[in-house]
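Written below as structure tokens is the structure these notes are about.
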Amino acid sequence: MKRIALAADHGGYALKEAVKQMLDDRAIPYLDFGTNSDESCDYPDYAELAARSVSEGNSERGIFCCGSAAGMVIVANKFPGVRAVACHNEWAARMSRLHNDANVLALGGRVVSLEEAERIVAIWLETEFEGGRHSRRLDKISDIEDAFQPTS
Ligand code: RB5
């Protein structure tokens, strides 16, 4: 895997640090866009940096952590080509890869335990996109994005 962009706010900081260990264990490179403490901060600041990295192709995928996962998903999905899904269990993580080719996994540090997160991340990293009819659906998402691109 090329590289994973990481982002967190204070609600997801501890989880992001645990995810880094999981990636180190698998020798998967990552770019950590912060935050770097559990001091209160604003999730859009970090989600924006990491989502841009995925959108521009500098990172293949992203794992974003906040308290609920919601804020990270909302910001990430503003970026063209980013398909971010909040996954609170292993089934959701598997389906997000199989059917949605999700390239950003959002985790809630106040929703899942570190043990649950470890299993969710493992499945999400290992599951490949199924393609087929699901590719057609992703193409339709791209068409929607294209309709909103600013014209120069
Ligand atoms: C921070 O308190 C919290 O709102 C944030 O981590 C996240 O859950 C937002 O969606």
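The values are calculated or read from the model by the stated rules, or taken from the named source; none is laboratory data. Keep in mind that this is a model prediction, so the values were computed, not measured. Quick reminder, even Gly has a Cβ in these numbers, built from the backbone with ideal geometry, and neighbours come from all protein chains shown.
Within segment 39-57, the residues that satisfy the criterion of being away from the ligand (no atom under 16 Å from the Cβ) and not in a helix (DSSP H, G or I) are GLU56, GLY57.
Assess whether GLU115 counts as being over 14 Å from the mean Cα position of the chain (by Cα), surrounded by fewer than 22 Cβ atoms within 10 Å (Cβ to Cβ) and without any contact (Cβ under 8 Å) to a residue 24 or more places away in the chain.
Numbers: over 14 Å from the mean Cα position of the chain (by Cα): yes; surrounded by fewer than 22 Cβ atoms within 10 Å (Cβ to Cβ): yes; without any contact (Cβ under 8 Å) to a residue 24 or more places away in the chain: yes.
Against the criterion (over 14 Å from the mean Cα position of the chain (by Cα), surrounded by fewer than 22 Cβ atoms within 10 Å (Cβ to Cβ) and without any contact (Cβ under 8 Å) to a residue 24 or more places away in the chain), GLU115 qualifies.
A search for C-beta distances below 6 Å between a residue of segment 70-92 that is within 10 Å of ALA106 (Cβ to Cβ) and free of Cβ contacts under 8 Å to residues at least 60 places away in the same chain and any residue that is within 12 Å of the ligand (Cβ to nearest atom) and in a helix (DSSP H, G or I), counting only pairs 6+ apart in sequence or on different chains, returns VAL75/PRO44; VAL75/ALA47; ALA76/ALA47; ALA84/VAL73; ALA84/ALA76; ALA86/VAL73.
When the criteria are applied in full, ASP9 fails the requirement of being without any contact (Cβ under 8 Å) to a residue 40 or more places away in the chain and of a type in the set (Asp, Glu).
Determine, yes or no, whether LYS2 is more than 12 Å from the ligand (Cβ to nearest atom), at pLDDT below 95 and not hydrophobic (A, V, I, L, M, F, W, C).
Numbers: more than 12 Å from the ligand (Cβ to nearest atom): yes; at pLDDT below 95: yes; not hydrophobic (A, V, I, L, M, F, W, C): yes.
Criteria met by LYS2.
Of the residues making up segment 115-152, those that are over 27 Å from LEU6 (Cβ atoms) and among the acidic types (Asp, Glu) are ASP139, ASP143, ASP146.
GLU128 fulfils the conditions (1) of a type outside the set (Gly, Ala, Ser); (2) surrounded by fewer than 17 Cβ atoms within 10 Å (Cβ to Cβ); (3) under 14 Å from the mean Cα position of the chain (by Cα) except for a single criterion, (3).
Test each condition in (1) under 13 Å from LEU107 (Cβ atoms); (2) more than 10 Å from the ligand (Cβ to nearest atom); (3) touching a helix residue (DSSP H, G or I) at 6+ places or on another chain (Cβ under 9 Å) for GLY67 and report the one that comes out false. For GLY67, the exception is condition (2).
Selection within segment 15-38: residues that are within 12 Å of the ligand (Cβ to nearest atom) and of a type outside the set (Ser, Thr, Tyr). The member of this set that is farthest from ALA76 (Cα to Cα) is ASP38.
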